[in-house]
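Below you'll find the structure, written out as structure tokens, and then a few comments.
The values are calculated or read from the model by the stated rules, or taken from the named source; none is laboratory data. If you're wondering where the values come from, they're calculated on a predicted model, not measured in any experiment. Every residue, glycine as well, gets a Cβ built from its backbone with ideal geometry; the counts of neighbours run over all protein chains shown. What goes into the accessible areas is simple: the full protein's heavy atoms, side chains included, and nothing from ligands, DNA or RNA. Shrake-Rupley method; radii C 1.70, N 1.55, O 1.52, S 1.80 Å.
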Amino acid sequence: MGLLNGELYFTRQFRMTLSKLTFDGSTFVESLVVGQDGNGQYRDENDGNLDFSQRMMYDPTQITVDQGRNRLYIQTNEYMGWDERRRMTVVDFNSNTFKTYAGLVDRYNDYSSLSLDPSGDYLYGLAEGVLIIYQFDQNGEPYLAGDKFDSNFTRGSSTAVQDGFIYFTQFETVSKIGLGASIDIPAGQTTNSITLSAFKDPWFESDETIDVNISSISNGFSESNDVSDVNIIESTKLTLVADAPFEGVENGKVSWGDYDRDGDMDLALMGDASTGTITNVYKNNGEGGFTNTLQNFTKVIGGDIEFVDVDQDGYLDVAVSGNSASGRVSKLYINKSGQFFWRKC
């Protein structure tokens with residue numbers, strides 16, 4: 001079952017439907033939401049987005065609620081079916097459509113329920129010996145972002161994400177998996193340390209102070225959640241290039257490559273700028289910044305641009321495609337020894 005926008009949803013596994021309960025003031029009334037009662041169908045990504053009135057995948061079971069996206073994620077118990085592929089159905093109440101995914105994970109068995117982390121960025125599940133991690137692309141489509149194998153993950157049935165841990169049930173036990181760095185301090189001690197091999201800090205100040213603190217403390221207490229000492233062994237900072245000639249664009253693309261073989265990465269940029277459509281190559285002058293090389297390229301938007309050594313002479317050529325003033329085009333410009341580009345007809 002799942003509660004979304006004040007509505008209580010549930011699946012009927014052997015009726016192949018998603019229904020909801022509504023309180024009419026005296027009793028709960030069941031109404032059909034998705035599917036056709038008693039009439040299912042094998043589904044996968046090729047079916048696309050389907051109207052709620054269409055038949056659902058066989059054996060819908062557990063529901064995971066995504067309040068932020070106004071969705072339900074429904075698993076299926078159809079493991080021993082004709083293709084043995086575990087499926088997930090996404091029910092989207094923004095468009096009143098559903099889509100079933102059959103190719104997200106391998107043919108594991110003994111799946112747990114799915115759990116969405118508080119940020120809404122990750123969806124977790126457990127299979128036999130593996131933690132499965134889903135993310136969402138820019139269109140909101142779920143995809144397999146990774147999996148972590150561990151023989152201790154045995155037949156998890158239900159999961160929940162809380163305070164940086166995934167808690168899951170296994171027969172008669174409840175276990176947890178840390179989703180981030182953690183410090184264990186044995187009884188009798190008051191301090192301990194941890195080494196972080198790599199992390200990002202978007203607020204990295206010029207005095208090289210790292211913003212690190214403890215997000216939560218369990219089975220103990222502390223006067224402060226601040227980390228007392230941080231030793232930076234190696235760090236990388238990005239510095240804004242002053243007076244760079246790059247134009248701001250929309251519907252654009254970029255590609256990095258050392259087209260003149262001087263050891264510095266140059267930049268190809270296309271898109272719709274405030275001055276009009278551009279397709280430019282900028283030479284990296286090292287400490288001297290970048291210079292627009294003013295190539296005579298067809299100006300396009302909404303396509304792609306890429307450095308690639310087409311003729312294998314050691315110099316990167318430029319391939320461009322997109323919408324130009326004369327229509328859709330695809331052009332190839334051959335690099336002449338790093339001096340200029342020649343359009344190949």
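If only one of Gln36, Gln54, Gln13, Gln67 is under 17 Å from Ala102 (Cβ atoms) and either modelled with pLDDT of 95 or more or not aliphatic (A, V, I, L, M) (or both), which one is it? Spell out the reasoning first.
Numbers: Gln36 fails: under 17 Å from Ala102 (Cβ atoms); Gln13 fails: under 17 Å from Ala102 (Cβ atoms); Gln67 fails: under 17 Å from Ala102 (Cβ atoms).
Testing whether each residue is under 17 Å from Ala102 (Cβ atoms) and either modelled with pLDDT of 95 or more or not aliphatic (A, V, I, L, M) (or both) leaves just Gln54.
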Could you give every pair whose Cβ atoms fall below 6 Å, whose first residue belongs to segment 262-276 and is at positive phi, and whose second residue is surrounded by 11 or more Cβ atoms within 10 Å (Cβ to Cβ) and part of a strand (DSSP E or B), counting only separations of at least 6 or pairs across chains? Gly271/Val249; Gly271/Asn251; Gly271/Gly252; Gly271/Ile301
Inspect all residues belonging to segment 119-128 and state whether any of them is open to solvent by less than 20 Å² (accessible area, probe 1.4 Å), assigned to a loop (DSSP other than H, G, I, E, B) and modelled with pLDDT of 85 or more. yes
Boolean, Ile183 is surrounded by 10 or more Cβ atoms within 10 Å (Cβ to Cβ) and at pLDDT below 70: no
Pairs, please: C-beta under 6 Å, at least 6 apart or cross-chain, first residue under 22 Å from Val90 (Cα atoms) and in segment 1-29, second open to solvent by less than 70 Å² (accessible area, probe 1.4 Å) and among the acidic types (Asp, Glu)? Gln13/Asp59; Lys20/Glu7
Restricted to segment 320-345 and to residues being farther than 27 Å from Gly248 by Cβ and open to solvent by 60 Å² or more (accessible area, probe 1.4 Å), the residue modelled with the lowest pLDDT is Cys345
Any hit, segment 304-321, residues being among the small types (Gly, Ala, Ser) and more than 30 Å from the chain's Cα centre (by Cα): yes
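Here is a yes/no grid of residues against (1) assigned to a loop (DSSP other than H, G, I, E, B); (2) open to solvent by less than 70 Å² (accessible area, probe 1.4 Å); (3) modelled with pLDDT of 90 or more:
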position: Ser228; (1), (2), (3): yes, no, no
position: Thr239; (1), (2), (3): yes, no, no
position: Trp256; (1), (2), (3): no, no, yes
position: Ala268; (1), (2), (3): no, yes, yes
Report yes if some residue within segment 71-81 is open to solvent by less than 20 Å² (accessible area, probe 1.4 Å), part of a strand (DSSP E or B), modelled with pLDDT under 95 and out of contact with any Asp or Glu (no Cβ under 7 Å at 6 or more places or on another chain); otherwise report no. yes
